[in-house]
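Comments concern the structure below.
The values are calculated or read from the model by the stated rules, or taken from the named source; none is laboratory data. Every value quoted in this text rests on a predicted model; they were computed, and no experiment measured them. Neighbour counts run over all protein chains shown; Cβ positions are idealised from the backbone, glycine included.
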Amino acid sequence: MAFNAKKIFPIDTKPRQAIGVDLPFSAPAVFRSTFLTKDAIRNNLINFFLTNPGERYLNPTFGGGIRAFIFEQIANDNLDFLKEDISSKINQYFPSIRVGSLEVLSNPDRNEITVKFTYDVVDTGITDEVEIAFT
C-alpha cells in the first residue's frame, strides 16, 4: 500500500500536448498554449477572478466579481468580507484546491486592491501562488 501517493495528471507526461491557453493574451495572431496542469489551474483561477458574474454565457453564476469592490469604500471590514468571499468561491468552484495563505492588500490613494494567495491541489503536490491587482 502506497502512503502519500501523488496523482500525476497523464496529460503532463505528453510534452507536446497543450491543455490550456496561457495568460496574458500577448502572442501575435495566435494564443500561447500551456502544457502543464499547474499552469492551466493557475490560469483558470485568474480567469475566474477576472470574470464578473453574468459575463459567462450559459453560466451566469460563474465569476469572482472582485471588480465590484473597486467602487466600494476601502475599509478593513470590506477587506475581511472580500477574503471570506474569495475563500468561499474557491471552495465552491474549485473543490480540489486548498488555499494556504490569503491576503487582500489595499492602496486607497490609487483605489487599488491586490489579492494574493497561495494554494495547493489535493493529492498532487502542485503548489503555486496567484497575485491579481484590480485598479
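Is there a residue in region 72-86 that is within 22 Å of LEU23 (Cα to Cα) and surrounded by 14 or more Cβ atoms within 10 Å (Cβ to Cβ)? Looking through region 72-86, at least one residue is within 22 Å of LEU23 (Cα to Cα) and surrounded by 14 or more Cβ atoms within 10 Å (Cβ to Cβ). Which count do you get for residues in region 68-77 that are without any contact (Cβ under 8 Å) to a residue 40 or more places away in the chain, assigned to a helix (DSSP H, G or I) and more than 15 Å from LEU102 (Cα to Cα)? Counting residues in region 68-77 that are without any contact (Cβ under 8 Å) to a residue 40 or more places away in the chain, assigned to a helix (DSSP H, G or I) and more than 15 Å from LEU102 (Cα to Cα) gives 3.
Residue check: ASP123 meets all listed conditions (1) over 25 Å from THR61 (Cβ atoms); (2) part of a strand (DSSP E or B); (3) in contact (Cβ under 8 Å) with a residue 40 or more places away in the chain but one, namely (2). Taken over region 55-71, the residue count meeting the criterion of being surrounded by 15 or more Cβ atoms within 10 Å (Cβ to Cβ) and either farther than 18 Å from LEU45 by Cβ or of a type in the set (A, V, I, L, M, F, W, C) (or both) is 3. Selection over region 100-118 of residues that are charged (D, E, K, R) and in a strand (DSSP E or B) gives a count of 3. When you look at PHE117, is it among the aromatic types (Phe, Trp, Tyr), at pLDDT 90 or above and either loosely packed, with under 12 Cβ neighbours inside 10 Å or on the phi < 0 side of the Ramachandran plot (or both), yes or no? It is true that PHE117 is among the aromatic types (Phe, Trp, Tyr), at pLDDT 90 or above and either loosely packed, with under 12 Cβ neighbours inside 10 Å or on the phi < 0 side of the Ramachandran plot (or both). Restricting region 100-115 to residues that are within 13 Å of ASP85 (Cα to Cα) and of a type in the set (A, V, I, L, M, F, W, C) leaves a set whose member that is nearest to the chain's Cα centre (by Cα) is VAL115.
Taken over region 90-102, the criterion of being farther than 15 Å from ILE46 by Cα and either among the acidic types (Asp, Glu) or surrounded by 14 or more Cβ atoms within 10 Å (Cβ to Cβ) (or both) is satisfied by ARG98 alone.
Yes/no per residue for (1) of a type in the set (Gly, Ala, Ser); (2) farther than 26 Å from THR135 by Cα; (3) touching a strand residue (DSSP E or B) at 6+ places or on another chain (Cβ under 7 Å); (4) modelled with pLDDT under 75:
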| position | (1), (2), (3), (4) |
| --- | --- |
| ALA2 | yes, yes, no, yes |
| LYS6 | no, yes, no, yes |
| THR34 | no, yes, yes, no |
| ILE66 | no, no, yes, no |
| PHE71 | no, no, no, yes |
| LEU82 | no, no, yes, no |
